[in-house]
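K.L.:
A single structure is presented below for examination.
The values are calculated or read from the model by the stated rules, or taken from the named source; none is laboratory data. Bear in mind the structure is a predicted one, so any value in this text is a computation, not a measurement. These accessible areas exclude ligands, DNA and RNA; they are computed on the full protein's heavy atoms, side chains included. Shrake-Rupley method; radii C 1.70, N 1.55, O 1.52, S 1.80 Å.
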Amino acid sequence: MEAHWLLGGDDVNLQMFTSVDGRIGRQAWWLAQIVICIAAIAAMFAGGALLALSGVDNYAAGFSLMHMLVILIIAASFYFGFTVNTKRWHDHGRSGWWNLALFVPVVGPLLGLVMLGYLASEEGDNRFGPPVLRFVGGGAARFGRAGQ
């Protein structure tokens, strides 16, 4: 499943959510965050609908199934968010271990939002690879390689 036109990279596909190798720019990071949130919400609604349609008579059993489903969805969302954030940290020339900073109360999420969502990436190649292609209102090839 290629999303080249949407995310603006040459090799952007489902590995964006499953591999911690490489770099991604701000635009791809924001779009990935939106996709993860929408997918998690849709999965929870679908799970609730399936549970309602399954006809489970025992309320406690149905409630437990729903809790297990929610835990699985949260775990998947956490993993996909971790991989996308790691690639964005790589774009800044930092290790994926910087994800741990996101767990510091108040300061961590603010730091993550500013660093990952708003600050430009490191120019040129770094130890994590070349910069991603920038996508601005048309083909990325016209603008060449540039950090986002």
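K.L.:
Using a probe of 1.4 angstrom, how much of the accessible area of the stretch 43-122 is carbon and sulfur, in percent?
P.N.:
80 percent
K.L.:
Still on this structure, I have one more. Can you sort R88, R127, R23 by 1.4 Å-probe accessible area, starting with the largest?
P.N.:
The ranking, largest first, comes out as R127, R23, R88.
K.L.:
To continue, here is another question. Can you pull the accessible area of W30 for me, 1.4 Å probe, Å² to the nearest 10?
P.N.:
Number for this one is 90 Å².
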